[in-house]
Amino acid sequence: MTTTPLSTTPPPLPAPALPSSLITTLPGHHYTDPGIFAREQERIFESLWFCAVRSGDLSGPGAYRTVQVGRENVVITRNRSGELRAFLNVCRHRGARLCTEEAGEVRRTLRCPYHAWSYDLDGALVAAPNLAKMPDIDRTAYGLRTVALREWLGYAWVCLADEPPSFEATVMGAAVERLGDTAAVERYRTEGLALGKRVSYDVKANWKLIVENFMECYHCATIHPELTYVLPEFARGYAAQYYVGHGAAFAEGAQGFTVDGGAGFDRLPGLAEDQDRRYYAVTVKPQVFINLVPDHVIVHRMFPMSHDRTVVECDWLYAPEVVEAGADVSRSVELFHRVNVQDFDACERTQPAMDSRAYRAGGVLVPSEHHIGAFHAWVTEQIA
Ligand code: FES
Ligand SMILES: [Fe+2]
């Protein structure tokens, strides 16, 4: 009787030398391995500045939001003076989650639903059952764990690191790298804009596929007919992010950044002449995309939930008078909503293949995608 070998999988072939037009991507398991995702959680999302909430969503003292930042849950609230504060959402008594809702409002204190330890809006322990009978407890020592917070562009960015990296270098630096200076993005005065629409997308794909997709426009001609109609140069495959400082010009026949090229709203005050009739995109690593057009700003925040699932929250922001007047923003929302759906469908179609033996060594980047190689190098360095 003959026996057959247990495994018939041939050893992997040596990778052929690449022509100079191509560079390699990350190997497939970087998108599917829960161990690599855990490292990214620790070294990237829990170590760098993370764009958590829109400041305007916290309307006044006591309003709060909870967000997942890496493996931690963070509660962000406004104190009595109206300043934003962020804490780990963990009770210092026996660890119960303090705020169990995604959003809410308290009057004066955050009260633990387990044994009722209560913390003021600056995180200090102010009350607990029988606390008066435990005079040796130093209340300041049992306050909530504070998380570093900065506000920029009307969003609250938090950092879980004990010693956060420079906000100016790592967050604002992304805008400088892309547009030449921070003034170019600050001119849109995003912090004064009003929320016209928010859509949350639950994408069954690794967060890096979504970043890579946003960074290139090689796919634009194939999957974005509405976008390439308004921004014809995108059909040539070169994304706005490929050239420093370059904004994609609107098509001659397009009146605004809308799904059919119809008129949008008045140009936001303060924009420079070269910002009119142009689209600029900025990627702020690791989880924010900013899209700038003359009459509105679109901000994507990604919340990586697992190696193959990412929640993307997308805000469309307009001049306050546009939103207050109840103007119809649906034509401009529809344009980028379609782009989002087209992009996220593509990412979801790619995710299962990351596990294929055909993708074990990864894929390749063509010249108009070579800048994604710098993103891969950055991720690799972060988790090294
Ligand atoms: S766990 Fe919060 S009061 Fe006990
Ligand atoms: Fe796209």
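The values are calculated or read from the model by the stated rules, or taken from the named source; none is laboratory data. These numbers come from a predicted model, not from an experiment. Glycine also receives a Cβ, built like all others from the backbone with ideal geometry; neighbour counts cover every protein chain displayed. Calculation scope for accessible area: heavy atoms of the full protein, side chains included, ligands and nucleic acids excluded. Shrake-Rupley method; radii C 1.70, N 1.55, O 1.52, S 1.80 Å.
Taking the alpha-carbon centroid of each part, what is the distance from region 330-368 to region 250-313 in angstrom? Between the Cα centres of region 330-368 and region 250-313 lies a distance of 18 Å. Straight-line reach from Lys133: which lysines have Cα under 23 Å away, leaving out those fewer than 8 places along the same chain? Hits, sequence-local ones excluded: zero. For region 6-146, the carbon plus sulfur part of the accessible surface works out to 51%, probe radius 1.4 Å.
Grab the beta carbon distance between Ala103 and Glu334, set R0 = 25 Å, and tell me the FRET efficiency rounded to 0.05. The formula returns an efficiency of 0.45 here. Just the number, please: carbon plus sulfur as a percent of the accessible area of region 288-371, 1.4 Å probe, no ligands or DNA/RNA counted. Carbon and sulfur: 52 percent of the exposed surface of region 288-371.
Amide H to amide H, with H built 1.01 Å from N, Tyr238 comes under 5 Å of no residue 5 or more places away or on another chain. Given in Å, the Rg to one decimal and the Dmax to the nearest whole number for the Cα atoms of the chain are 23.5, 85. Once the 1.4 Å probe is applied to the protein heavy atoms, the chain comes out at 48 Å² accessible per residue. As a calculated quantity, the FRET efficiency between Asp274 and Met305 at R0 = 41 Å, using C-beta atoms, amounts to about 0.60. Shown here for region 241-313: GluC sites (Glu not before Pro) in loop regions (DSSP other than H, G, I, E, B) with at most 13 other Cβ atoms within 10 Å, namely Glu252. For GluC sites (Glu not before Pro), the sites in region 44-146 that DSSP calls loop and that have at most 14 other Cβ atoms within 10 Å are Glu83, Glu101, Glu102.
Loop-located chymotrypsin sites (Phe, Trp or Tyr not before Pro) across region 44-116 with a Cβ neighbour count of 13 or fewer within 10 Å are Tyr114, with loop assigned by DSSP.
Unpaired Cys in the chain, meaning no second Cys C-beta under 4.7 Å: Cys51, Cys99, Cys159, Cys314, Cys347.
At a Förster distance of 35 Å, what's the computed FRET efficiency of Glu168 paired with Ala132, Cβ-Cβ distance as r, to 0.05?
0.15
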